[in-house]
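Trainee: I have a structure here, written as structure tokens, and I will follow up with some questions on it.
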Amino acid sequence: MLTILHGSDLHFGKPFNAEIAGVFRRAIEERAPDLLVLSGDFTQRAKVKEYQEARAFLRSLPDLPLVVTPGNHDVPLYRVWERLLAPHRNYRRFISPELDTVTNLPGATVVALDSSAPRRAIVNGYLSDRQLLFASDAFAGAIEGDVRIAVLHHHLAPAPDYESDQVLRGWQRCLDAFQKMGVELVLGGHLHRAYVAHSADLRPPGEGGRRMVIAHSGTTTSTRGRARERNKNSFNQIGIAGDHMVITHHEFLPREGEFVPVRSHVFPRGTRGFLRSEVAGLGAVESNSSVPVEREAE
């Protein structure tokens, strides 16, 4: 089984919590995933000092494949001329020289796209036609049967809670394009709470009944959690086998002093529809799921 750890919204700067970051590092070491995904907002205000701290943290992590993408906080908001003329200068210098990337590993093709759009949609993000063509070309070369994963910072599906948030500008166009590319999983952040959606709730199934799982991580190392994850930190652990995928939310529980699994969602791969996903304490995952929910968050 392919194992992915997915965190987001580290927010180095004033909101960053160094203690939680240390616990997150330990979680990565203990789980030894095949891939680590960090979906944007490495900094709070895109300052050099914040980026230096973020780079030092990344270098302290275990040596394993890493996929990153910029968030809206990774470009300067108030330094207007810098945002217009060189918005990703610090990100390119300290995190990654490339904004749109392709990562191939056994069993998966992962395409990360910069949705920060500093000149046109800095809050809710945007993907250009050029970026979607880049993704299409990358996925066209994927091995048959490999999982196709798209990573961006912003969200294609709203969180199912009481807060209202603008989804990615042009999300319908992107969702349709990803379906045609055979994308099975979209990973993102931005909203500072973890949730899972799927494309069947948003648009009719694509060609051949194709559907996508959309999974968001909360803020993994900052004090900016929102809605039911207010003042909380979280990441996702994703397991992908030949016929199904399992997404487990992990939250940091102070009394445990570590990140623990609190909710699991199980989906079959392919066109057979979706299994039910359940919340810990409110029901069990269906019997053909092999992943138990261990405990409930406080």
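Trainee: Which numbered condition trips up THR3, out of (1) surrounded by fewer than 18 Cβ atoms within 10 Å (Cβ to Cβ); (2) free of Cβ contacts under 8 Å to residues at least 60 places away in the same chain; (3) not aliphatic (A, V, I, L, M)?
Mentor: Tallying (1) surrounded by fewer than 18 Cβ atoms within 10 Å (Cβ to Cβ); (2) free of Cβ contacts under 8 Å to residues at least 60 places away in the same chain; (3) not aliphatic (A, V, I, L, M), THR3 fails exactly one: (2).
Trainee: Same structure again: Please determine, by comparing only the residues of region 223-281 that are polar (S, T, N, Q) and in contact with a strand residue (DSSP E or B) (Cβ under 7 Å, 6 or more places away or on another chain), which one is modelled with the lowest pLDDT.
Mentor: Ranking the candidates gives SER277 first.
Trainee: Moving to a separate point now. Out of ALA197, ALA142, I need the residue that is under 21 Å from LEU113 (Cβ atoms), in contact with a Pro (Cβ under 8 Å, 6 or more places away or on another chain) and aliphatic (A, V, I, L, M). Which one?
Mentor: Exactly one residue qualifies, and that residue is ALA197.
Trainee: Which ones in region 242-265 are within 14 Å of LYS232 (Cα to Cα) and surrounded by fewer than 21 Cβ atoms within 10 Å (Cβ to Cβ)?
Mentor: Passing the criteria: LEU253, PRO254, ARG255, GLU256, GLY257, GLU258, VAL260, PRO261.
Trainee: Can you work out which of the residues in region 95-142 that are within 13 Å of VAL183 (Cα to Cα) and not small (Gly, Ala, Ser) is surrounded by the fewest Cβ atoms within 10 Å (Cβ to Cβ)?
Mentor: In this case the residue turns out to be ASP137.
Trainee: A further question on this structure: Just checking, which of LEU191, LEU187 is part of a loop (DSSP other than H, G, I, E, B), of a type in the set (A, V, I, L, M) and at pLDDT 90 or above?
Mentor: So the residue among LEU191, LEU187 that is part of a loop (DSSP other than H, G, I, E, B), of a type in the set (A, V, I, L, M) and at pLDDT 90 or above is LEU191.
Trainee: Residue check: is ALA200 surrounded by fewer than 18 Cβ atoms within 10 Å (Cβ to Cβ), aliphatic (A, V, I, L, M) and outside any loop (DSSP other than H, G, I, E, B)?
Mentor: Yes.
Trainee: Are any residues in region 248-261 in contact (Cβ under 8 Å) with a residue 12 or more places away in the chain and more than 18 Å from GLU30 (Cα to Cα), and if so, which ones?
Mentor: Across region 248-261, the qualifying residue is only ARG255.
Trainee: What is the number of the single condition among (1) farther than 25 Å from ASN233 by Cα; (2) at pLDDT 95 or above that TRP81 does not meet?
Mentor: Going through the list (1) farther than 25 Å from ASN233 by Cα; (2) at pLDDT 95 or above, TRP81 breaks only (2).
Trainee: A follow-up question, please. Which of the helices (runs of 4 or more DSSP H) contained wholly in region 71-150 include at least 2 residues that are closer than 21 Å to ARG173 by Cα?
Mentor: Counting at least 2 such residues, we get 129-140.
Trainee: When ALA27 is evaluated against the numbered criteria (1) part of a loop (DSSP other than H, G, I, E, B); (2) surrounded by fewer than 22 Cβ atoms within 10 Å (Cβ to Cβ), which criterion, by number, is the only one it fails?
Mentor: Going through the list (1) part of a loop (DSSP other than H, G, I, E, B); (2) surrounded by fewer than 22 Cβ atoms within 10 Å (Cβ to Cβ), ALA27 breaks only (1).
The values are calculated or read from the model by the stated rules, or taken from the named source; none is laboratory data. What you are looking at is a predicted structure, and each value in this text was computed from that prediction instead of being measured. Cβ: placed from backbone, ideal geometry, glycine included. Neighbour counts: every protein chain shown.
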